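Colleague: Please see the structure below; I have some questions.
The values are calculated or read from the model by the stated rules, or taken from the named source; none is laboratory data. Here the structure is a predicted model, which means the values were calculated and not measured. As a convention, Cβ positions derive from the backbone with ideal geometry for all residues, glycine included, and neighbour counts pool all protein chains shown.
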Amino acid sequence: MAKRTALITGTTAGIGAATAKLLAENDYRLILNGRRIERLEEQARELENMFACECLLMPVDVREQQQVDEFITNLSDEWNSIDVLVNNAGLAAGLESIENGDTEHWNRMIDTNIKGLLYTTRALIPILKKSANAHIVNVGSIAGKEVYANGNVYCGTKHMVDALNKAMRRELAEWGIRVSSVNPGAVETEFSIVRMDGDESKAKKVYDGFENLVAEDIADAIHFILSRPTHVNINELIIMPKAQPAAGVVIRNKGL
């Protein structure tokens, strides 16, 4: 059986890196996307050494439509057969009220979480239509299901991802393309460091006093979705730490 090929956006850290590793372990060919070319090169070497995984680097900012379109248009025949798209690239920036919000933060979130996902998906659909086992997995968030204090614009972008996930599933069903989403709660990655503009001490406090999810938990869910029989589609999964019963609510052990 031919290996499946997966394009994963935002693979240089966190959920994207964990997903790339797990799919490489399970005999996928990978197109690795990120803005940090040095990290992509290092990641490809690691996956090739550990799993003999064939990797193609996609050093493209998904916020830039022209970059995305040019990369996909210029794929060689060897890589122009893609079965899986994992829309993982995303971020949160800031944690302020709308009144005090930083519009630069807003634009970064909207451009990455919504436009980046749209640009990549739009470019890949013609290729996915040619696959007999095509699948799109959108990495959303509990913020796309609930709204929490000062999460306003980030929550708005993830609600949009939730809506787009449903729209894609309806539009692409006639082509046999499965569409799923994974919506995590608190996962300790670079997410909070980015949100706090690089302040690691503030970011660490987000995860103090409870056992949060880790990137491998979400990668495992993505692999589960992709490994279902071809007649099965997991529409969406919501995955939370035991200590987080709802968005913005965490039960912390104050003694830790």
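Colleague: Answer with yes or no whether residue 15 is part of a helix (DSSP H, G or I), among the β-branched types (Val, Ile, Thr) and surrounded by fewer than 21 Cβ atoms within 10 Å (Cβ to Cβ). Full working, then the answer.
Modeller: On the way: part of a helix (DSSP H, G or I): yes; among the β-branched types (Val, Ile, Thr): yes; surrounded by fewer than 21 Cβ atoms within 10 Å (Cβ to Cβ): no.
So residue 15 does not fit the description; no.
Colleague: For the range 50-75, which residues satisfy the criterion of being part of a helix (DSSP H, G or I) and under 14 Å from residue 30 (Cβ atoms)? Talk me through it step by step, then tell me what you get.
Modeller: Keep residues of the range 50-75 that are part of a helix (DSSP H, G or I), which gives 50-51, 65-73.
Across the range 50-75, the qualifying residues are 50, 51.
Colleague: Could you run through the range 136-158 and say how many residues are assigned to a loop (DSSP other than H, G, I, E, B) and of a type in the set (A, V, I, L, M, F, W, C)? Break it down into steps so the answer makes sense when it comes.
Modeller: Narrowing the range 136-158 to residues assigned to a loop (DSSP other than H, G, I, E, B): 140-141, 145-151.
Cutting the leftovers down to of a type in the set (A, V, I, L, M, F, W, C) gives us 147, 149.
Residues meeting the conditions: 2.
Colleague: Still on this structure, I have one more. Would you call residue 85 under 20 Å from residue 164 (Cα atoms) and modelled with pLDDT under 95?
Modeller: Working: under 20 Å from residue 164 (Cα atoms): yes; modelled with pLDDT under 95: no.
No: the conditions fail for residue 85.
Colleague: Now, a different point. Sort out which residues of the range 98-144 are farther than 24 Å from residue 187 by Cα, surrounded by fewer than 20 Cβ atoms within 10 Å (Cβ to Cβ) and β-branched (Val, Ile, Thr), and write them in order of number.
Modeller: 98, 103, 125, 127
Colleague: Go through the range 212-254 residue by residue and tally those that are in contact (Cβ under 8 Å) with a residue 40 or more places away in the chain, part of a loop (DSSP other than H, G, I, E, B), within 19 Å of residue 189 (Cβ to Cβ) and touching a Lys or Arg at 6+ places or on another chain (Cβ under 9 Å).
Modeller: So the count comes out to 1.
Colleague: Can you tell me which residue is nearest to residue 9 (Cα to Cα) among those in the range 44-61 that are surrounded by 17 or more Cβ atoms within 10 Å (Cβ to Cβ) and out of contact with any helix residue (DSSP H, G or I) (no Cβ under 7 Å at 6 or more places or on another chain)?
Modeller: This residue is 44.
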